[in-house]
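The values are calculated or read from the model by the stated rules, or taken from the named source; none is laboratory data. Small disclaimer: the values here were computed from a predicted structure and weren't measured. Cβ coordinates were reconstructed from backbone atoms using ideal geometry, including for glycine residues, and neighbour counts include every protein chain displayed. We work out accessible area using only protein heavy atoms, side chains counted, and drop any ligands, DNA or RNA first. Shrake-Rupley method; radii C 1.70, N 1.55, O 1.52, S 1.80 Å.
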Amino acid sequence: MQIAVVLRGTCGEEWYSNFEIGYSAEHSGFARAADFAELRLADYVFTRAICIQPRFFITGYSRGGAVANILAKRLCDRYGLDYVSAYTFAAPSTTISRRTNRYSSIFNIVRGEDFFTRVPLESWGYTKYGKTLANLDLNNPYGWSQKTVSGILEDETYLGHTINLRFTTISYKNKRRIERPLSEQLRFENTHEPLVDKQTWEIVQDIRKHKRRRANFAEQNMFSGLVYCADCGGTMVLHRAHTMDAVKNNFMCSTYKKKGKEVCSGHYIREVELAAVLLDDIRRITHFARQNELRFAEYIGVKQGKEAQREIAALQKKATEMERRKAELSAIFKRLYEDSVLGRIPEEQYRLLSRDYTREQAELDEALPKVTEQLQKLKDSAGNVSRFLENAR
């Protein structure tokens, strides 16, 4: 659920409130308008019985931008930075607070030569909540960093899902945000129109799982993390240099390169040869799939069915055992606590046992979501054949 709030500029007698600076931490005239906007927004959420955590998009121009700046700050304090995005345009200053930079989801876009955006004066201590962007470079308006792009690639919002309760605080005194375990988060699928399809999403996540070393070449290694040694199972690393012809680039066993011939033999394959073999296989398989779609689907279904069912059964058994062990640990903790309270076991023994069981429970909490995710991927792989046929056409 996303809610957009657009605040207009000055209308009629509202213009006079621009001069009502007041003596509080916020500009009195703008703060009073933000109070009214906040009440209207709360009434909108209440009358529509919105149960899930909404995301707010706030924007405004001139005086409306100043009101949007204060309103966005209040929503950030209430719901968190992840649920509020605000963009103000040509907004005057709003506050004398010194904690304005922490509101990283609020952006104030101004022109450097516009005097109106600098009143009340900075010499009086006034500024705006969030980041102020003066004379924005239109060639790179967002200024995205690698961290920003990485966050976008991992955000399931673009898949059409809503994830709530992702973050919490250590206590009511310590406001530092920490991420909750996956088991404590609330996940709602298909709550809005996705921006990317699931197949593209899965490809991106699979690529990001493989560690890629930064290469000082214009063209990155497309086989990074995908080539393994048939003898020792280690990764094959690409050997290339600016002084070497591209046709001589080759993959060599990393185990042999690090530990020598005592562990693995010295063998390699040229990059152009690997690419040619792979391309030939792709063309051969896609040609067969186009010419004999039913036979291809039947063959893959039988092959995938046998192997996948064995793997699904093994993972299902493992997940069931982990769930059962978690339930057993809960019961053990309860009996152990009762024995400690009743004095049936010494305090030192209780402490040692509790530590071991706590460690085991933490390991289960970490491993179980991974097993469940892997199991779900295997169950969803049945549709891969139809997607492959579509791409092959």
Between a first residue in the stretch 283-297 that is among the hydroxyl-bearing types (S, T, Y) and a second residue that is part of a helix (DSSP H, G or I), which pairs have beta carbons less than 7 Å apart while being 6 or more apart in sequence or on different chains?
T286/A392
Looking at the stretch 186-205, I want the residues that are more than 19 Å from C51 (Cα to Cα) and in a helix (DSSP H, G or I) and have a partner that is open to solvent by less than 100 Å² (accessible area, probe 1.4 Å) and not charged (D, E, K, R) with Cβ atoms under 6 Å, at least 6 apart or on another chain. Which pairs are those?
W201/L159; V204/L153
Matching entry among L7, L75, L39, L71 (being open to solvent by 20 Å² or more (accessible area, probe 1.4 Å) and more than 20 Å from D114 (Cβ to Cβ)):
L39
Given the criterion under 19 Å from Q185 (Cα atoms) and in a helix (DSSP H, G or I), identify the matching residue among A362, A319.
A362
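Yes/no per residue for (1) modelled with pLDDT under 90; (2) under 27 Å from W144 (Cα atoms); (3) assigned to a strand (DSSP E or B); (4) not β-branched (V, I, T):
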residue: D35; (1), (2), (3), (4): no, no, no, yes
residue: R40; (1), (2), (3), (4): no, no, no, yes
residue: V45; (1), (2), (3), (4): yes, no, no, no
residue: F56; (1), (2), (3), (4): no, yes, yes, yes
residue: S93; (1), (2), (3), (4): no, yes, no, yes
residue: Y103; (1), (2), (3), (4): no, yes, no, yes
residue: F107; (1), (2), (3), (4): no, yes, yes, yes
residue: T117; (1), (2), (3), (4): yes, yes, no, no
Can you tell me which of A308, A313, A297, A331 is in a helix (DSSP H, G or I), open to solvent by less than 80 Å² (accessible area, probe 1.4 Å) and modelled with pLDDT of 80 or more?
A331
Just to be sure, is Y228 open to solvent by 50 Å² or more (accessible area, probe 1.4 Å), within 28 Å of E154 (Cα to Cα) and modelled with pLDDT of 85 or more?
yes
Any residue at all in the stretch 117-126 that is out of contact with any Cys (no Cβ under 6 Å at 6 or more places or on another chain), surrounded by fewer than 16 Cβ atoms within 10 Å (Cβ to Cβ) and of a type in the set (S, T, Y)?
yes
